[in-house]
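Input: a single structure, listed below in structure tokens.
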């Protein structure tokens, strides 16, 4: 039987983790308690079939089992011990009695050449009789596990913030801005859906709720004559210098007739004449009113019973972009919804401006946007094309007409200083009405896909 001093000396080298002094003191009382064990050996494995204890080499035949005992006594400590299996039960009883609660037994996977390095199998319940490790069920995740994970992430962030404070600041700023943008997007979509739900609930209050398509005739001049018999005469209209060409008035009438005929072919179409009070000398009469009066004087070109009751005006537009945008808003105001299809009636040389520039600016689907163009007078064709090229270039640089020359022109076409009511009536387009930029409007739109 080895003495307490011998075992304590071995224990000092055998402890893998913990304080040697603490364990040495415990072993003095421990050794004296298991004198009845016949083949207890405590020590460090030196080679495959030998155990060194207290300076004596004990040769053994056959393969010996080696175990790592983890036990608790205030703190957790590890001790390397080799013993015969038939004495393990008594050994464990004594170990539990003198050194605290036995925590677990793990079978070693390698014998090793010394106390410095060894490997163990995965931890589990060890069967002392069979010498095998029992498979145990994986414990259910603790409800505190997510909190531990969050705490771990917080510690990592704190570590990196001390290591690279500037980089962490910019990353945090980027994440914050991204979150704000996402929340803003969802907020606008939520508001849009809320407004749609409100409009659906109040659909009975919209007198034109059954109409799905918009036919818009863009106004070009104000009718100033008190007689309805001169609608095709130039002196019955207020014309700018670039408009004073023979046959110009007749083109206005052609626009009106074309709009009526397009609307007549579609039972779900609402006809809007668009144009504000754009000329000071023409008096406070809008282009839209002028076109409606001409249509009335012409008996709606034989389509009175079909079209008149669904023909209305939009009387605030000051340029071609506002003709389109304001008419869409007016349609929403009258029907409670936005148009499924849009057809614009105007001069044929303005088709590219409406179809490619204005439509793109409001991001309306091209498959649902149509243009019905009529020719200008032959005497004004060349001048009209030159003027159109200039205006088209201006809208390419300023799609929303809110900067530079387009803005000044628009202000000049409001001589009576009318307060534009929009986006009242189309609250979903509030962001679009306020937007001013070169790039297309980035916000949510009811028809955007």
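Values in this text are rule-based calculations from the coordinates and carry no lab data. The structure presented is a predicted model; accordingly, all values stated were derived computationally and were not measured. Cβ sites come from the backbone with ideal geometry, for glycine too, and all protein chains shown count toward neighbours.
Here are the numbers:
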{"item": "P(r) tail fraction, the stretch 319-449 - alpha-carbon pairs more than 19 Å apart, %", "result": "53"}
{"item": "Contour excess over end-to-end distance, with Cα ends at residue 268 and residue 226 and 0.36 nm allotted per residue", "result": "11.7 nm"}
{"item": "Which of 231, 391 has the fewest Cβ neighbours within 10 Å, and the rest in rising order", "result": "391, 231"}
{"item": "Relative exposure of 162, 244, 304, judged by other C-beta atoms within 10 Å (fewest first)", "result": "162, 244, 304"}
{"item": "Ascending count of other beta-carbon atoms within 10 Å, so fewest first, for 305, 352", "result": "305, 352"}
{"item": "Sorted peptide list for 362-374, 285-297, criterion being average Cβ within 10 angstrom, highest first", "result": "285-297, 362-374"}
{"item": "Potential extension, residue 160-residue 348 segment - 0.36 nm per residue separation minus Cα distance", "result": "61.3 nm"}
